[in-house]
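Taking it in order: structure first as structure tokens, then the write-up.
Rule-based calculations on the coordinates, nothing more; no lab input. As the structure is a computational prediction, the values presented were derived from the model and not from experiment. Note: ideal-geometry Cβ built from the backbone for every residue, glycine included; neighbour counts use all protein chains shown.
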Amino acid sequence: MIRQTIFLASLLFLAACGGGTTDSTSTPDAPAADAPASVSIPQPGIGAIAYTGAEIWDGTGSALQQGMVLVARDGRIEGLMADVPAGAEIVDLSGRFIVPGFVNAHGHVSGRWADDSVRDATSRVRGDLELYARYGVTTILSLGGAPAETLAIRDAQASPSLAHARVFVAGQVVAGNTADQASAVALANLENGVDWLKLRVDDNLGTGTKMPWAAVQVAMNAAKASEVPVATHIFYMEDAYRLLNMGTGLIAHSVRDREVSDEFVQAMLDTGVCYVPTLVREVSTFVYAERPDWFDDPFFLEAAKQSEIDRVSQAEFRAQVAASPTAAGYRNALGQAQDNLRILVGSGVPIAFGTDSGPAGRFPGYFEHMEFDLMAEAGLTSREILMSATSVAAQCLDLDDVGTLEAGKWADFVVLRENPINDIRAARSIDAVYIAGNSVARN
Ligand SMILES: [Zn+2]
């Protein structure tokens, strides 16, 4: 079973620490096996912690900074300072690189990825969030289908003891065939206190029925009345364009049917709405016809769920994917999506990093690094990719306290062994991940 373990940053660097404590956000009904170990650890966040020696890229657009100290207190950043404040505990990160934790504007938290021995729904959801975190993904907008328990996890995450990724939720995806159906789902989500509403306007390459526009309008109206933004799943440019005019707050997938027109690009710029590529989602639809190369990648294997590897490796499953007409269509769509991404970036449209990871076959954490590669392949620079995955994604989701390493924000950051600014592959050289200043368990 994957234990939820917080190591205080200070203790981590002192010695091999034999104990830990469960996250204070544990629910009262957590199994007894999760009870705190009998080792005394001071409360995290008491006093300042100074992370020294690393080169820091703060996500604001500034260049790498040398000789600065990242100072955190009570889980939040006090600032990048020239000196270590008196009395601060020091975490020596000499020779390392610090970047803000990655923000995924389109993931799915389901509990699917927890160890099979984990039974209760809350712990299973946290298993997903721990998996994202160990790969440097420290904030996720779960765009549909998260278990109800996720809301309580979200409500408890503004805590200096947090040690898993932050999550924001959209509730059940709105995709009804009638306005009444769409309205019922939208209102139930809004009643539950979702952060976003997610609408699905797609026909699966002509194999399904697209949500009628009257239903889209009703859901949009409900969201507007509750002042909740709407994220929209699209495939076709025409639908994305229409949704921009109807007031969508996020284009949650790439336009994949054709090259984006000047008119569409202008509408993106005029509305200021962000665009989430989710390129790796396309890969997941066709790649399992054969054994993917990355099944030999140590970076994948260090946390990959074996039962899911086994499932997608079955001969029957491979044959199914190979024979799927939509899989072939989505393979073509990937190239179109990459071409469009290049055009949109060149036009100055804000690109919010997002992957659509989390559902079956879409391995959380590792898929985010595959998305980086696909963005680079599309022509984005490493710096553009990092901006998209930090401050830009945070701004697109209207999250004020993550995305950069500025005073007042949560101390969510990734420590890398290699410099990612000129080579995004270096984002894989993860030495440690911190959330609210707490080192995330990586084993
Ligand atoms: Zn999705």
Under the Karplus relation with 6.51, -1.76 and 1.60 and θ = phi - 60°, whole-Hz ³J(HN,Hα) for the range 99-114, x at Gly and Pro, equal 10, x, x, 7, 10, 9, 7, 8, x, 9, 9, 9, x, 5, 9, 5
Site residue 236, offset 7 angstrom along Cα→Cβ, radius 14 Å on amide nitrogen, limited to the range 190-206, gives 201-206
Under the Karplus relation with 6.51, -1.76 and 1.60 and θ = phi - 60°, whole-Hz ³J(HN,Hα) for the range 286-298, x at Gly and Pro, equal 10, 5, 7, 5, 9, 6, x, 3, 6, 5, 9, 7, x
Simple spin-label estimate for residue 209/residue 401, 7 Å along Cα→Cβ, in nm, reads 4.4 nm
Expected sort for 103, 137 with the fewest Cβ neighbours (10 Å cutoff) up front is 137, 103
Counted neighbours (other Cβ, 10 Å), sorted fewest up, put 431, 400, 115, 257 in the order 400, 115, 431, 257
Spelling it out for residue 439: with amide H atoms placed in the peptide plane at 1.01 Å from N, the residues 5 or more places away or on another chain with amide H under 5 Å from its amide H are 7, 9
Of the residues 264, 392, 361, the Cα lying farthest along the dipole of the range 101-400 towards its positive end, which is defined by charges on the beta carbon of Lys, Arg, Asp and Glu, belongs to 361
Dipole check, the range 101-400, charges on Cβ (K,R +1; D,E -1), about Cα centroid: among 157, 222, 127 the Cα furthest to the positive pole belongs to 222
Applying the gyration tensor rule to the Cα atoms of the range 101-400 (axes a ≥ b ≥ c; rounded if a/c under 1.5, else prolate if a/b exceeds b/c, else oblate), the class is rounded
Relative contact order in percent for the range 101-400 (Cα pairs under 8 Å, 6+ apart) equals 19 percent
Zone reached by a paramagnetic label modelled 7 Å from residue 259 Cα along Cα→Cβ, restricted to the range 323-358 with backbone N below 15 Å, covers 335-347
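For the range 101-400, give the share of DSSP beta bridges that are antiparallel, in percent and rounded to the nearest 5; count only bridges with both residues there.
Percentage antiparallel, nearest 5: 0.
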Residues 390, 60 in order from fewest to most other beta-carbon atoms within 10 Å are 60, 390
Answer in debye to the nearest 20: the dipole magnitude of the chain about its Cα centre, from +1 Lys/Arg and -1 Asp/Glu charges placed on Cβ, is 420 debye
Projected onto the charge dipole of the chain (unit charges on the beta-carbon of Lys, Arg, Asp and Glu, signs +1, +1, -1, -1), the Cα from 336, 320, 137 with the largest positive-side position is that of 320
